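Here is the structure we will look at, set down as structure tokens.
A short reminder: the numbers here are calculations on the coordinates, not readings from a lab. All of these numbers come straight from a predicted model, not from anything done at the bench. Neighbour counts run over all protein chains shown; Cβ positions are idealised from the backbone, glycine included.
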Amino acid sequence: MANNEGVLEMPSGDIRKDSSNNASGNPRIRIAAQRLAIRFTDDTDLPVRHRKASSSTGPRRFKEDSELELRFKDNVRKWTQMIETMLSKVSTQQAWRFIDLSPELGPSVRQITDCEDFCDFTDYLIVRRDKDKCSADELGELALLSVAFQREIERRVGIANAGKKSEE
């Protein structure tokens with residue numbers, strides 16, 4: 001739920017507006033935005049220097065104004081905006097867990113819906129989509145991030161559950 005100051009209240013009670021991280025000059029935000037842009041972009045749509053596999057062995061050169069480079073920079077800019085918005089509406093620690101795909105899993109988490117971070121992320125996405133009417137770009141980025149966050153939780157819960165079964 002959003003209160004009238006634009007701060008998002010999560011069911012867990014985790015609320016806070018922190019404007020200290022909203023500067024796009026923040027290196028952590030820039031690095032995270034670039035990392036997310038690379039992760040969620042097809043290899044063929046990435047500038048050569050960011051591609052996972054390359055046939056060239058020498059240093060990669062690029063043109064600052066190439067169409068591919070400009071689209072990538074625009075993509076990074078959009079991720080930066082999404083990160084800054086999230087940091088302004090969710091507690092800093094929780095927002096970075098969402099952005100870094102590092103859910104906080106307590107010992108009682110046996111399935112995805114037991115994870116407070118997952119429920120809070122889903123609530124945040126719904127509020128941004130329905131109440132705040134975020135842009136289509138931001139909604140798409142949140143959806144991509146949400147699926148990746150869910151998969152990370154499922155992976156960790158699966159590993160934890162497999163370890164518990166082997167102990168029995």
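Annotations
- Given R0 = 35 Å, the distance between the Cβ atoms of residue 71 and residue 130 translates into a calculated FRET efficiency of 0.75.
- Extending 7 Å from the Cα toward the beta-carbon at both residue 43 and residue 156 defines two label points whose distance is 2.8 nm.
- With 18 Å as the limit on Cα-Cα distance, the pairs of 52/78; 78/133; 78/131 that go past it are 52/78; 78/131.
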